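This report refers to the structure that appears directly beneath it.
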Amino acid sequence: MNREFIKKIANNIKTLREKKGLTQLDIALQIGVTPGAIGNLEIAKNDTFLSRLYDIAKALGVEPYELLKFDK
(Lines give C-alpha, C1' and ligand atoms only; values in the text may rest on other atoms or scores of the structure.)
Protein backbone atom coordinates (compact mmCIF):
# COMPACT_ATOMS: atom_id res chain seq x y z
CA MET A 1 0.00 0.00 0.00
CA ASN A 2 1.25 3.48 -0.84
CA ARG A 3 0.49 5.76 2.12
CA GLU A 4 1.13 8.92 0.10
CA PHE A 5 -1.50 7.84 -2.46
CA ILE A 6 -4.02 7.25 0.32
CA LYS A 7 -3.34 10.67 1.85
CA LYS A 8 -3.73 12.44 -1.50
CA ILE A 9 -7.08 10.80 -2.23
CA ALA A 10 -8.30 11.51 1.31
CA ASN A 11 -7.30 15.15 0.97
CA ASN A 12 -9.02 15.41 -2.42
CA ILE A 13 -12.25 14.08 -0.92
CA LYS A 14 -12.15 16.67 1.87
CA THR A 15 -11.25 19.51 -0.47
CA LEU A 16 -14.04 18.68 -2.92
CA ARG A 17 -16.56 18.32 -0.09
CA GLU A 18 -15.61 21.70 1.35
CA LYS A 19 -15.67 23.41 -2.08
CA LYS A 20 -19.26 22.22 -2.50
CA GLY A 21 -20.19 23.53 0.94
CA LEU A 22 -21.11 20.09 2.24
CA THR A 23 -20.56 18.74 5.72
CA GLN A 24 -19.36 15.29 6.61
CA LEU A 25 -22.92 14.62 7.76
CA ASP A 26 -24.27 15.58 4.33
CA ILE A 27 -22.02 13.07 2.62
CA ALA A 28 -22.60 10.41 5.26
CA LEU A 29 -26.37 10.62 4.83
CA GLN A 30 -26.08 10.36 1.06
CA ILE A 31 -23.98 7.21 1.12
CA GLY A 32 -25.34 5.52 4.25
CA VAL A 33 -22.41 5.74 6.65
CA THR A 34 -21.72 7.69 9.82
CA PRO A 35 -20.14 11.16 9.79
CA GLY A 36 -17.28 9.60 11.74
CA ALA A 37 -16.61 7.23 8.86
CA ILE A 38 -16.30 10.20 6.51
CA GLY A 39 -14.01 11.95 8.97
CA ASN A 40 -11.82 8.87 9.22
CA LEU A 41 -11.67 8.63 5.44
CA GLU A 42 -10.68 12.29 5.11
CA ILE A 43 -7.75 11.85 7.49
CA ALA A 44 -6.81 8.55 5.85
CA LYS A 45 -7.49 6.63 9.06
CA ASN A 46 -9.98 4.27 7.44
CA ASP A 47 -8.45 3.50 4.07
CA THR A 48 -9.49 -0.08 3.35
CA PHE A 49 -11.06 0.68 -0.02
CA LEU A 50 -8.38 3.15 -1.05
CA SER A 51 -5.52 0.83 -0.20
CA ARG A 52 -7.16 -1.97 -2.18
CA LEU A 53 -7.61 0.39 -5.13
CA TYR A 54 -3.90 1.13 -5.13
CA ASP A 55 -2.96 -2.54 -4.79
CA ILE A 56 -5.32 -3.61 -7.58
CA ALA A 57 -3.92 -0.96 -9.91
CA LYS A 58 -0.37 -2.07 -9.24
CA ALA A 59 -1.34 -5.72 -9.78
CA LEU A 60 -2.82 -4.73 -13.15
CA GLY A 61 0.25 -2.69 -14.03
CA VAL A 62 -1.68 0.56 -14.36
CA GLU A 63 -1.80 3.84 -12.50
CA PRO A 64 -4.59 4.06 -9.88
CA TYR A 65 -6.35 6.92 -11.69
CA GLU A 66 -6.94 4.59 -14.61
CA LEU A 67 -9.33 2.58 -12.43
CA LEU A 68 -11.35 5.73 -11.81
CA LYS A 69 -11.78 6.74 -15.45
CA PHE A 70 -15.05 6.10 -17.21
CA ASP A 71 -15.63 5.95 -20.94
CA LYS A 72 -18.47 8.06 -22.23
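Please verify whether the stretch 12-27 includes one or more residues that are of a type in the set (Gly, Ala, Ser) and under 21 Å from residue 57 (Cα atoms). Taking every residue of the stretch 12-27 in turn, none turns out to be of a type in the set (Gly, Ala, Ser) and under 21 Å from residue 57 (Cα atoms). Selection of first residues in the stretch 45-72 that are β-branched (Val, Ile, Thr) and of second residues that are in a helix (DSSP H, G or I) and surrounded by 12 or more Cβ atoms within 10 Å (Cβ to Cβ), restricted to Cβ pairs under 7 Å at least 6 apart or on distinct chains, gives the following pairs, ordered by first then second residue: 56/67. Among the residues making up the stretch 46-72, those that are over 17 Å from the mean Cα position of the chain (by Cα) and at pLDDT below 75 are 71, 72. Could you grab me the full set of residues in the stretch 1-18 that are in a helix (DSSP H, G or I) and not β-branched (Val, Ile, Thr)? Within the stretch 1-18, 3, 4, 5, 7, 8, 10, 11, 12, 14, 16, 17, 18 meet the criteria.
The values are calculated or read from the model by the stated rules, or taken from the named source; none is laboratory data. Since the structure is predicted, the reported quantities are computational estimates derived from the model, not experimental observations. Neighbour counts run over all protein chains shown; Cβ positions are idealised from the backbone, glycine included.
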